[in-house]
Amino acid sequence: MDKTWICADRMTKEYESGVAEFVKYAVQHAENPRRMHCPCLRCCYIGKKHWKNQGQLIEPNGHTLTSFIGALDVYWNNQGQLIEPNGHTLTSFIGALVRNEIPITCDDWRNKELNESKEKIWSEIKRCFNIEEERRGFCMKLAGKLLRGFRTFLSSKFLKDADGNFVDAELPKKYESLISAEEWEAFKSKRQDPVFQRISATNRERASSPAYPYRKGRVGYGRLEQSMLQKEESSETSLPAHVLWKEARVGKSGVPQEEVLHVYQKCEELSQSLSPDDTKGILSRALDVPEYSGRVRGKGFGVTPTSLSIKKGKAPSNRELHARLEAMQAELDALRREREASASTVYRDASDKESINCTFQPNIPEGISHCQLYLSSPYYRMVGKGKVHNVSGVLLHTRELPAGCLKVSVDIAVEPNAALPYPSDDSDATTVHEAVGSFVAWPTNLICVGYETPTKSKSKDNAIPRHTESTVSRKELQENEVSNASAQHKKEVSNASARVKSSGAKKTVARKKPTTKYRSCLRTFLEMTDIPTGGVRTVHMEVGIFGFDYDQMIGNEDFMQVFTHEEIGVTVVNTYIRFLYDKLMRPNGLDVSFGFLAPATVNLVLILSRPDTVTEYVLRILMDNKDAEKLFFIPFNTGGHWLLLAINPIREIVYYLDSLGNDWTTYPDMKVLIDTVLQAFRAQRDIQTSRRGANSITWIKVACPQQRNQIDCGYFMLRFMRDTLALDRLKIPTDYFEEFKCAFYTKDQVDEIKEEWCQFMLELNVCS
């Protein structure tokens, strides 16, 4: 028949007559003239539309005349996805082409033998659609995806029964024009192969019950995003991935599931805290799943990191990492030499008033503040407590302060025999003990402004005999004790009165609940020793706990922190870790899966002042355990608050548990050091990573129980470690363990920690 009409103008009589002749010819040769598929592009040759007679096919301005054999325009969003109008038409058209041109026995879409068929498919697409050459890659990937979907459909529809068992079915008549008998037999044979069935069973099980099922049918992310933007009449060209992800999981009811909303809220929180340069997607972090190469989670088919212009840094080699570490070490050495040179500065006469230091130190609050005093040689440690005077124009005994120093009054000598960094010529004081009650110069970088009064120490070195305190400190302590006792008495009477009024009972004050047995017993033993008057005891910490062997000093103030429910210090934390090690880890073999890092060595003060010391210690512990996957707990003190870091160095995951609800951006120096250690750990293990893997260190904020006062952070942190060990899990869920999930720990749960600690102290016979 004559086909010249195909190239004629659609508005001419020639084109209309040509279509009519074509339909007449088709009716004459059709198997069932009353059930003919529409041949237009919109129905893609084998679509679902049927016409009862040829008149319906060629009616004026009808379906075929307006759509038959003509190039259609297609449209794309700014992320390279196919959208409407005509987006679904092109997709269906490609599906029809690939089913006609590619055999179902093809298992490898990248097979070079398919190049000729692929070229034919692309030529047909260009003939029927106005499409740019640069879209070929997208169309070919879409064709491969549609072919896989067709094979899956054939297998599920015709080769399996309701229970999923194989059925030896005949070739469906519907597809005899597309599939030969030989191809069908080969296809069935492949589905009976044991290896294929094993892989299929694994994939089927994985996809059978998704946690967050997609609920938009055949509407992809691209068209979903387009419809959302049109509905909102937004001028934006795209939406955040987690917004699309949530909408894609909303069913016909229009209400998303609670689990979906929970993930969405996490994404909203992360979007406020993550850096714009962070290469891992917010959605992947919220779901706690890895990000796969070449895809962007929550954006759908066709979107890649390249199309979104996500630039990932080049993975540094091991040599580059070592060079970076050496440069950091050289910088630290230079700073250390500069500090030592500054410390050697002698006093100058201050008769020239213009030479007096009239500026405030930027890291120390203006005025008078309680502080902790440290020395860095021969090792970094706290040696005293007092008050720092950061006041403009201050003098020390009529002399100017040395460069880099501030005036300090010493109230408590934690290490009485420690030498002063600047001995006082006027008072002949050379040690911290001799300086108690007087003023001395102290290097600014060795002063840590604390949150507590000097007489209420929270440190492991604070079992201090009262004779080492100044008269001012003893007076402060007495006043504080009287004030606290009075306030506590008033509070108890007030609470008791409220209970009486609410119950309508007689106005008799209820007795205070008795102290639980182990605390009561330990306190009784304690009172019969010299500990309340300044004596100290030791608890041995073996090398398996923190990686080094030492004796932990413990004194009266450490016991009182537990007895009177005060903020706990590093001594209570370390000795409770000894309890976890002895009672939970070793008896159950958990020491091969879990470990601890010493909080006295890894804390914010040391990170700011001696980062090389912290880095060296943490890296040594990790390298000693480099051959096995372990979760390392770091009870981290920020200077007035306890939080927990749990590090899995093999998987490069850091779990962040903070009972105040902060995230790691609150302490950027902490994050930088931990990231540096994990990169050095990777380099020393000689692990080569991909470009994506170089930036794969994952920080996860865990929605852990939250404290409701300013005291419980230490107890909550200990409880986090205890819960994890009790469940023996290396992975901490982002919403915490289901077995211990709660908004906050109750008083009984906190008291349980105290009771365990007191019972363990009794077992160790510490009070003897």
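The values are calculated or read from the model by the stated rules, or taken from the named source; none is laboratory data. As the structure is a prediction and not an experimental result, all values here were calculated from the model. Please note: Cβ atoms are built from the backbone with ideal geometry, for glycine as well, and neighbour counts cover all protein chains shown. Ligands, DNA and RNA are stripped out before the accessible areas are found, and what is left, the full protein with its side chains, is counted by its heavy atoms. Shrake-Rupley method; radii C 1.70, N 1.55, O 1.52, S 1.80 Å.
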Ser659 within 27 Å of Leu283 (Cα to Cα), small (Gly, Ala, Ser) and at pLDDT 90 or above: yes
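What's the total number of residues in the range 700-738 that are under 30 Å from Thr306 (Cα atoms) and either open to solvent by less than 10 Å² (accessible area, probe 1.4 Å) or charged (D, E, K, R) (or both)? Outline the logic, then answer.
Keep residues of the range 700-738 that are under 30 Å from Thr306 (Cα atoms), which gives 700-701, 734.
Cutting the leftovers down to either open to solvent by less than 10 Å² (accessible area, probe 1.4 Å) or charged (D, E, K, R) (or both) gives us 700-701.
So the answer is 2.
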Residue in the range 632-648 that is open to solvent by less than 30 Å² (accessible area, probe 1.4 Å), among the β-branched types (Val, Ile, Thr), assigned to a strand (DSSP E or B) and touching a strand residue (DSSP E or B) at 6+ places or on another chain (Cβ under 9 Å) present: yes
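Could you list, in sequence order, the residues of the range 420-430 that are open to solvent by 30 Å² or more (accessible area, probe 1.4 Å) and either among the aromatic types (Phe, Trp, Tyr) or at pLDDT 80 or above (or both)?
From the range 420-430, those open to solvent by 30 Å² or more (accessible area, probe 1.4 Å) are 421, 423, 425-428, 430; that's our starting set.
Hits for the range 420-430 are Pro421, Pro423, Thr430.
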Residues of the range 370-415 satisfying the condition of being open to solvent by 20 Å² or more (accessible area, probe 1.4 Å) and of a type in the set (Gly, Ala, Ser): Ser376, Ser377, Ser392, Gly393, Ala403, Gly404
Within the range 92-115, considering residues that are within 41 Å of the chain's Cα centre (by Cα) and not in a helix (DSSP H, G or I), the one surrounded by the fewest Cβ atoms within 10 Å (Cβ to Cβ): Arg110
Tally of residues being in contact with a helix residue (DSSP H, G or I) (Cβ under 7 Å, 6 or more places away or on another chain) and under 16 Å from Lys141 (Cβ atoms) across the range 102-129: 8
Residue match in the range 616-625 (condition: over 16 Å from Arg719 (Cβ atoms), open to solvent by 10 Å² or more (accessible area, probe 1.4 Å), out of contact with any strand residue (DSSP E or B) (no Cβ under 8 Å at 6 or more places or on another chain) and part of a loop (DSSP other than H, G, I, E, B)): no
Residues being surrounded by 16 or more Cβ atoms within 10 Å (Cβ to Cβ), farther than 21 Å from Leu261 by Cα and among the small types (Gly, Ala, Ser) - total across the range 201-237: 1
Selection count where residues are in contact (Cβ under 8 Å) with a residue 24 or more places away in the chain, farther than 13 Å from Pro103 by Cα and charged (D, E, K, R), scope the range 169-194: 3
Scan of the range 146-169 for residues that are surrounded by fewer than 16 Cβ atoms within 10 Å (Cβ to Cβ) and under 41 Å from the mean Cα position of the chain (by Cα), ordered by number: Arg148, Gly149, Thr152, Phe153, Ser156, Asp163, Gly164
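Looking only at the range 14-33, how many residues end up being in contact with a strand residue (DSSP E or B) (Cβ under 9 Å, 6 or more places away or on another chain) and surrounded by fewer than 16 Cβ atoms within 10 Å (Cβ to Cβ)?
The initial filter retains those residues of the range 14-33 that are in contact with a strand residue (DSSP E or B) (Cβ under 9 Å, 6 or more places away or on another chain), namely 23, 26-27, 30.
With the extra rule that they be surrounded by fewer than 16 Cβ atoms within 10 Å (Cβ to Cβ), the set shrinks to 26-27, 30.
Here the count works out to 3.
With the requirement that a residue be part of a helix (DSSP H, G or I), among the aliphatic types (A, V, I, L, M) and open to solvent by less than 30 Å² (accessible area, probe 1.4 Å), what does the range 739-768 give you?
To start, the set of residues in the range 739-768 that are part of a helix (DSSP H, G or I) comprises 739-740, 747-763.
When the remaining residues are screened for being among the aliphatic types (A, V, I, L, M), the result is 750, 753, 761-762.
Selection gives Val750, Ile753, Met761.
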Qualifying residue in the range 665-672 (condition: buried (at least 21 other Cβ atoms within 10 Å of the Cβ) and closer than 27 Å to Pro587 by Cα): no
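Please specify each residue of the range 683-729 satisfying the condition of being in a helix (DSSP H, G or I) and either within 22 Å of Met623 (Cβ to Cβ) or at pLDDT below 85 (or both). Before the answer, list the steps.
First, the residues of the range 683-729 that are in a helix (DSSP H, G or I): 683-684, 693-695, 713-727.
Hits for the range 683-729 are Ala683, Gln684, Gly693, Ala694, Asn695.
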In the range 532-571, the residues that are farther than 29 Å from Val618 by Cα and open to solvent by 40 Å² or more (accessible area, probe 1.4 Å): Pro532, Thr533, Val536, Met560, Thr564, His565, Glu566
Residue in the range 656-671 that is closer than 21 Å to Val543 by Cβ and either under 23 Å from the mean Cα position of the chain (by Cα) or assigned to a strand (DSSP E or B) (or both) present: no
Where Ala598 falls short, out of the listed (1) without any contact (Cβ under 8 Å) to a residue 60 or more places away in the chain; (2) out of contact with any strand residue (DSSP E or B) (no Cβ under 7 Å at 6 or more places or on another chain); (3) open to solvent by 20 Å² or more (accessible area, probe 1.4 Å): (3)
Among (1) more than 20 Å from the chain's Cα centre (by Cα); (2) more than 26 Å from Met553 (Cβ to Cβ); (3) surrounded by fewer than 18 Cβ atoms within 10 Å (Cβ to Cβ), the one test that Asp675 misses: (1)
Test result for Thr524, at pLDDT below 90 and assigned to a loop (DSSP other than H, G, I, E, B): no
Which numbered condition Ala350 misses (of (1) open to solvent by 40 Å² or more (accessible area, probe 1.4 Å); (2) touching a Leu at 6+ places or on another chain (Cβ under 9 Å); (3) at pLDDT below 70; (4) of a type outside the set (Asp, Glu)): (1)
